[in-house]
Structures are given as structure tokens and as C-alpha cells.
Amino acid sequence: MFRRRFEVDCTVDVEHTTESLHAYVFLDGYEVGPGDEVTVKDPPPTPNFGGRVVRRCRATVVQAGLWGRIWTPVAAYLELTDLYEVGFDERSAS
């Protein structure tokens, strides 16, 4: 039930170009599990359009407890099914 907290080195890759708009964090030696929280310390600034930044940083990982590991996939499924609730009315759009 206890959540373990530790620090790990990571690589942060942020790109803002016509080909890609992304921000990835690659942790060294740890695979993130359901319910885990990752906070990057001193993240790189957002690049201007056309730019990309790759930087080594430190990250704090808070591992989910047993309840968090069980609840996270259930909550994700329930939130996903909200997307299916689409209704159609015969009213015209005005």
C-alpha cells in the first residue's frame, strides 16, 4: 500500500516541427507501470517552431501502490467508454 519514491536519470526529447510535435521522457533503468507518477526536474524549455531539444535530466518517480496499480486500468477503461456515448438527434443545427 505504500508508495515508493526515488530519483532516476532520464533523457527528455522535445520537438516542435512540421513533422512532429512531441515530448518524450526516457527513464534510465526503470519502466513506468500503471498509476506511477513521473516528475522531471528542471525540464528543458519548449523549443520555438522548427526546433528540437534533447537534454539529460533527473526525474522523481512515485510508484503506485497496490490499489493504484489495480484501479488505474479500470479507470482508464471507464473513461474510454465515455467516448462511445455519442447521441444523434433529429433536430437540425441552427
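For the reader, a short list of remarks on this structure follows.
- For segment 17-33, the Karplus equation 6.51 cos²θ - 1.76 cosθ + 1.60, evaluated at θ = phi - 60°, returns couplings of 10, 5, 7, 7, 10, 8, 9, 10, 10, 10, 7, 7, x, 9, 9, 5, x Hz by residue, with Gly and Pro reported as x.
- The helix-only estimate of mean residue ellipticity at 222 nm for the chain, built from DSSP H runs of length n ≥ 4 each weighted as -39500 (n - 2.57), is -6000 deg cm²/dmol after division by the residue total.
- For A64, the residues whose modelled amide H falls within less than 5 Å of its own, excluding neighbours fewer than 5 places apart on the same chain, are D36, E37.
- The label-point distance for L83 and E7, in a model that sets each label 7 Å from Cα toward Cβ, rounds to 3.7 nm.
- Compared with the dominant principal axis of the Cα atoms in the chain, helix 66-82 is inclined by about 40°.
- Backbone HN-Hα couplings from phi across segment 40-54 [Karplus 6.51/-1.76/1.60, Hz, Gly and Pro as x]: 7, 8, 6, x, x, x, 5, x, 5, 4, x, x, 8, 10, 10
- Segment R55-S20, length gained on full extension (0.36 nm per residue, minus Cα span): 10.8 nm
Read-outs throughout are calculated quantities, based only on the coordinates presented, and are distinct from any laboratory measurement. Bear in mind that the values here come from a model prediction, so they are computed numbers and not experimental data. With ideal geometry, Cβ positions are generated from the backbone for all residues, glycine too; neighbour counts draw on all protein chains shown.
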